[in-house]
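Here is the structure we will look at.
The values are calculated or read from the model by the stated rules, or taken from the named source; none is laboratory data. Predicted model only: the values in this text are computed from it and were never measured. Heads up, the Cβs are rebuilt from the backbone with ideal geometry, glycines too, and the neighbour counts pull from every protein chain shown.
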Amino acid sequence: MFDEKFNGPAPMAAYYQQRLEQSKSTIERMALLGLFDLLFQIPHEVEKSQPRKHQSNKPTTQ
């Protein structure tokens with residue numbers, strides 16, 4: 001999968017960029033773009049994209 005011959009500033013990004021450019025499959029391209037989004041989000045974007053934890057589902061007594 002990941003080939004370590006890429007030794008630039010971001011070898012993983014370079015590898016997936018090359019895969020994206022060589023891909024002829026729409027599904028593979030969509031998957032690679034989704035992977036880019038997940039791998040290279042900045043931290044505050046990750047926090048926003050994670051679902052919030054729900055409060056307890058216990059009924060409140062009144």
**OP:** Would you please list the contacts, defined by Cβ atoms under 6 Å and residues six or more apart or on different chains, that run from a residue in segment 27-49 that is closer than 20 Å to Y16 by Cα and surrounded by 11 or more Cβ atoms within 10 Å (Cβ to Cβ) to a residue that is aliphatic (A, V, I, L, M) and modelled with pLDDT of 70 or more?
**Re:** L32/L20
Original post:
Within segment 1-61, which helices (runs of 4 or more DSSP H) (wholly inside it) include 2 or more residues that are at pLDDT 90 or above and at negative phi?
Top reply: 11-22, 26-39
